[in-house]
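Report on the following structure.
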Amino acid sequence: MRVSPQKARLVLDLIKGQRAEDARNTLAYTKKRVAATVAKVLQSAIDNASYLSTEKGEDVDIDNLYVKSAVANDGPRMKRIRPAPMGRAYRYVRRIAHIELVLAERQRANGASATVVGEETAGTKKTAKAKPRVKAKGKAPARKKTAKAK
């Protein structure tokens, strides 16, 4: 989605941990542009859970679904140039957010464990989580001091 991840996180924080139906209602009355896209992603995840319960024969109760995690990660940035006075150019960046939503089933009264139903990502379906990048921790090489002649 072409929205900054910071703006998308504002909406996603509203629905984290809510029941799927409550999250759908919250998104319907949220006055943010990204809320409509997040609502589509949520609806797609609910439909996938429904598909699992009807077609695949898995035991998924649609009424017990809740938003387990909702994340907006950085996507590739588009660098653009705007004309500026005296023949110059100002650079600006258009940010993109990758929206991920994971639904799970709440603990049932009979003690059955919660199952993760599936992940939905804006633009793609069922993506694998990316591995975190590790930065190298090392000192920069020390500079040699040289004596200057007077």
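The values are calculated or read from the model by the stated rules, or taken from the named source; none is laboratory data. These numbers were taken from a predicted model, which means no experiment stands behind them. With ideal geometry, Cβ positions are generated from the backbone for all residues, glycine too; neighbour counts draw on all protein chains shown.
Would you pick out the residues in segment 51-72 that are surrounded by 14 or more Cβ atoms within 10 Å (Cβ to Cβ), more than 14 Å from Arg106 (Cα to Cα) and either of a type in the set (Gly, Ala, Ser) or in contact with a Ser or Thr (Cβ under 6 Å, 6 or more places away or on another chain) (or both)?
Ser53, Ala70, Ala72
Just the residues that are of a type in the set (A, V, I, L, M, F, W, C) and assigned to a helix (DSSP H, G or I), please, taken from segment 51-77.
Those that are of a type in the set (A, V, I, L, M, F, W, C) and assigned to a helix (DSSP H, G or I): Leu52, Ile62.
Are any residues in segment 28-46 under 14 Å from Tyr66 (Cβ atoms) and touching a helix residue (DSSP H, G or I) at 6+ places or on another chain (Cβ under 7 Å), and if so, which ones?
Within segment 28-46, Leu42, Ile46 meet the criteria.
Here is a yes/no grid of residues against (1) under 28 Å from Val3 (Cα atoms); (2) at pLDDT below 65:
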residue: Ile46; (1), (2): yes, no
residue: Asp63; (1), (2): no, no
residue: Ala70; (1), (2): yes, no
residue: Gly87; (1), (2): no, no
residue: Ile96; (1), (2): yes, no
residue: Leu103; (1), (2): yes, no
residue: Asn110; (1), (2): no, no
residue: Pro141; (1), (2): no, yes
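If I filter segment 77-85 for residues that are in contact with a Phe, Trp or Tyr (Cβ under 6 Å, 6 or more places away or on another chain), farther than 17 Å from Arg2 by Cα and not basic (Lys, Arg), do I get at least one hit?
yes
Hey, does segment 32-50 have a residue that's surrounded by fewer than 18 Cβ atoms within 10 Å (Cβ to Cβ), in contact (Cβ under 8 Å) with a residue 12 or more places away in the chain and assigned to a loop (DSSP other than H, G, I, E, B)?
yes
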